[in-house]
Amino acid sequence: MNPNPYQRQYPRRTAFIIAEYTTTKGTRQDVIKNIGAGGLFVRAWKKMEVGQAISLKFPLLNFEQTIQVTGTVSRIEPMGFAVTFNNPIEGLICKEGHFPEIVHEGDR
């Protein structure tokens with residue numbers, strides 16, 4: 001367990017990935033701005049609540065692979081919200097100080 005609840009356990013990387021997410025208030029699509037093994041930040045105008053459960057689907061390593069994760073809204077900002085995953089995405093855990101490759105703009 002991470003001793004500081006405000007410090008990320010896993011580093012994040014800048015991203016531009018369209019994600020579909022579902023809460024008790026419905027399903028929407030917005031853009032992931034950064035992502036790591038333990039969470040992500042979605043740029044969105046929809047009002048969210050800290051502690052709200054959320055499930056997300058998005059392409060990650062290639063467009064044939066769709067990741068589905070669940071988590072909790074952990075922070076709200078005027079331009080979006082952060083999500084902490086219930087379980088880390090194994091494919092995004094940094095190994096030997098290197099961040100794994102994710103979908104890049106040039107791959108689209």
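The values are calculated or read from the model by the stated rules, or taken from the named source; none is laboratory data. All of these numbers come straight from a predicted model, not from anything done at the bench. Glycine also receives a Cβ, built like all others from the backbone with ideal geometry; neighbour counts cover every protein chain displayed.
When 53, 15 are checked against the criterion of being surrounded by 18 or more Cβ atoms within 10 Å (Cβ to Cβ) and out of contact with any Asp or Glu (no Cβ under 8 Å at 6 or more places or on another chain), 15 stands alone in meeting it. With respect to the conditions (1) at pLDDT 95 or above; (2) under 15 Å from residue 91 (Cβ atoms), residue 28 lacks only one, and its number is (2).
Each residue in the stretch 18-62 was checked for being of a type in the set (Phe, Trp, Tyr) and touching a Lys or Arg at 6+ places or on another chain (Cβ under 8 Å), and 2 pass.
Counting only residues that are hydroxyl-bearing (Ser, Thr, Tyr) and under 16 Å from residue 84 (Cβ atoms), which one in the stretch 18-50 is surrounded by the most Cβ atoms within 10 Å (Cβ to Cβ)? The extreme case among them is 21.
Restricting attention to the stretch 57-72, the residues that are of a type outside the set (Phe, Trp, Tyr) and buried (at least 19 other Cβ atoms within 10 Å of the Cβ) add up to 3. For beta carbons closer than 6 Å, sequence separation of 6+ or different chains, a first residue in the stretch 69-93 that is within 16 Å of residue 44 (Cα to Cα) and a second that is of a type in the set (D, E, K, R) and in a strand (DSSP E or B), the qualifying pairs are 79/43; 80/43; 82/75.
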